[in-house]
Amino acid sequence: MTKPTFFVEEDKILVNLFEEGLDNLHLYKPGASPMFSERLLTLLGENYHSKITVHGHFYLKEEYRLKGIHIDDAFTEPPTGYKGNITRTCHAISELKEAKKHSNYVFLHSIFDSQSNPDEKQSFTYDELKAASKSGLIDKKVYALGGINLDNIKTIKDLGFGGIVICGDLWNRFNIHNEIDYKELLVHFEKLRKATE
């Protein structure tokens, strides 16, 4: 998932991440003008648009032929007449069953304490997640969101999640205000990618 704010080196970093094997990017820029998302999509180029899911400003999906749209809760209806991939964020285990029926996949938030937002704390105990996994609520259509890093990827895999959402663990390795060298971020992405195989 992108950083919530735009920054100068962002398009270069994202292109490098795609070249390193990123196959699914969520463009998440809450509260930002759609003009900035359009600019970023233009800078990225058409080659990568089919790997991008957009949060908000859903018209971008058609205009740039993106992969799909993401709805940030389990209940909001997609835009009238929308056809295409839909993903959602669930904030409770009880929302998973219904949300999965109407989504290509869903995020379950927050699995661990956020690494980028100190106010976002873990929402579930390990036992609650284990029970949800055992009952089939957590499966390949559920991605873990919140505090995911190299230290807990194995736990996520063992619980049967279909994927992970990386945000803070990656972006915290590059200071957007005073760095231009993002090599450490790319090296860390490669470690994360290998850990998920």
Exercise for the section: Could you work out the per residue convex hull volume over the alpha carbons of the stretch 58-157, in cubic angstrom? Expected result: 121 Å³
Fill in the blank from the handout: Links exceeding 32 Å between C-alpha atoms in this model, out of 51/157; 29/101; 3/141; 83/194; 97/183; 83/183, come to 83/194; 97/183; 83/183
Exercise for the section: Could you tell me what percent of the accessible area of the chain is made up of carbon and sulfur, with a 1.4 Å probe and every protein chain present? Expected result: 51 percent
Exercise for the section: Compute the whole-percent fraction of alpha carbon pairs in the stretch 99-197 spaced more than 17 Å apart. Expected result: 54 percent
Practice task
Classify the chain as rounded, prolate or oblate, taking a ≥ b ≥ c as the square roots of the eigenvalues of its Cα gyration tensor: rounded when a/c is under 1.5, otherwise prolate if a/b is larger than b/c and oblate if not.
Solution key: oblate
Practice task
Rank 131, 144, 99 by mean-square fluctuation in a GNM of the chain with C-alpha springs under 10 angstrom and give only the top-ranked residue.
Solution key: 131
Problem - Tensor-based shape of the stretch 1-95 (alpha-carbon gyration tensor, a/c under 1.5 rounded, otherwise prolate or oblate) - result: prolate
Handout entry: Residues of type aspartates and glutamates that residue 100 reaches as a straight line, Cα spacing below 18 Å, ignoring anything fewer than 8 places off in the same chain
Key = 72, 73, 77, 139
Completion exercise
At q = 0.29 1/Å the base-10 log of I(q)/I(0) from the Debye formula over the alpha-carbon atoms of the stretch 87-143 is -1.20
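The values are calculated or read from the model by the stated rules, or taken from the named source; none is laboratory data. Not measured: the values here are computed from a predicted model. What goes into the accessible areas is simple: the full protein's heavy atoms, side chains included, and nothing from ligands, DNA or RNA. Shrake-Rupley method; radii C 1.70, N 1.55, O 1.52, S 1.80 Å.
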